[in-house]
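Q: Got a structure for you, written out below as structure tokens; questions coming shortly.
FYI, it's all coordinate maths here, none of it is from the lab. A quick note: this is a predicted structure, and the numbers were derived from the prediction, not measured. Quick reminder, even Gly has a Cβ in these numbers, built from the backbone with ideal geometry, and neighbours come from all protein chains shown.
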Amino acid sequence: MDSRIGLDYIVENREYISKLGAALDTNNAVVKKQVFELLSALCAYNADGYARAIETLEFYKNLKNERYRFKIVINELEKATNVEYQAALLAFINCVIISVTSLQDRIRIRNEFIGAKIIQIS
């Protein structure tokens, strides 16, 4: 199947946000890796896909009563032991930052990650 069809489906159907957000609420790193890869693809696909990816993180943030939308990414990066999963998380972070057209928005998002303590991860 053409991946554009699947991405279009997710972009056009807002209810998919809750499905992706709920899929992040698992201990299975393989599932989370696949969700983050899909969110990365959405970010790179178009502006609406980017919005859906961010909305998914907002959904998860509210689901878990977190304060910051990128906290899951930072938490997963801190505890991940699988290099492929770490790479998927870093790729997602890069997609979130570079998929924004405005320099000011890129700086704001970068600062959100810095505020969430991404620099302290070693």
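Q: Compare N111, N62, N27 in a GNM of the chain, Cα atoms joined below 10 Å, and give the one with the largest fluctuation.
A: Checking each option, the largest mean-square fluctuation is seen for N27.
Q: Now for a separate question. May I ask you to derive the relative contact order of the chain, considering only C-alpha pairs under 8 Å and at least 6 residues apart, and to give it as an integer percent?
A: Here the relative contact order equals 25 percent.
Q: Okay, moving on. So what's Rg/Rh here for the chain, counting alpha carbon atoms and using the Kirkwood radius for Rh? Write down the numbers at each step before the final one.
A: Numbers: Rg = 13.6 Å, Rh = 14.5 Å.
Result for the chain is an Rg/Rh of 0.94.
Q: Gaussian network model of the chain, Cα springs within a sub-10 Å range: biggest mean-square fluctuation belongs to which of N75, N28, N46?
A: Result for the chain, Cα springs under 10 Å: N28 fluctuates most.
Q: What spacing in nm lies between the two simple spin-label points modelled at N94 and R67, each 7 Å away from Cα in the Cβ direction?
A: Going from the N94 label point to the R67 one covers 3.0 nm.
Q: Does the range 60-122 come out rounded, prolate or oblate, given a ≥ b ≥ c as the square roots of the eigenvalues of its C-alpha gyration tensor, rounded meaning a/c under 1.5 and, failing that, prolate meaning a/b above b/c?
A: Judged from the Cα gyration tensor, the range 60-122 comes out oblate (a/c at least 1.5, b/c at or above a/b).
Q: Sum -39500 (n - 2.57) across every DSSP H segment of at least 4 residues in the chain, then divide by the residue count to get the 222 nm mean residue ellipticity, nearest 500.
A: -23500 deg cm²/dmol
Q: Which parts of the range 57-96 would a label at S18 reach, counting a residue when its backbone N lies under 13 Å from a point 7 Å out along Cα-to-Cβ?
A: Residues 59-60, 63 fall inside that zone.
Q: Follow-up question, since we're still on this one. Taking K19 as the anchor, which lysines have their alpha carbon closer than 18 Å to its alpha carbon, excluding any fewer than eight residues away along the same chain?
A: Of all the lysines, those that pass the test against K19 - Cα under 18 Å, at least 8 places apart if same chain - are K32, K33, K61, K64.
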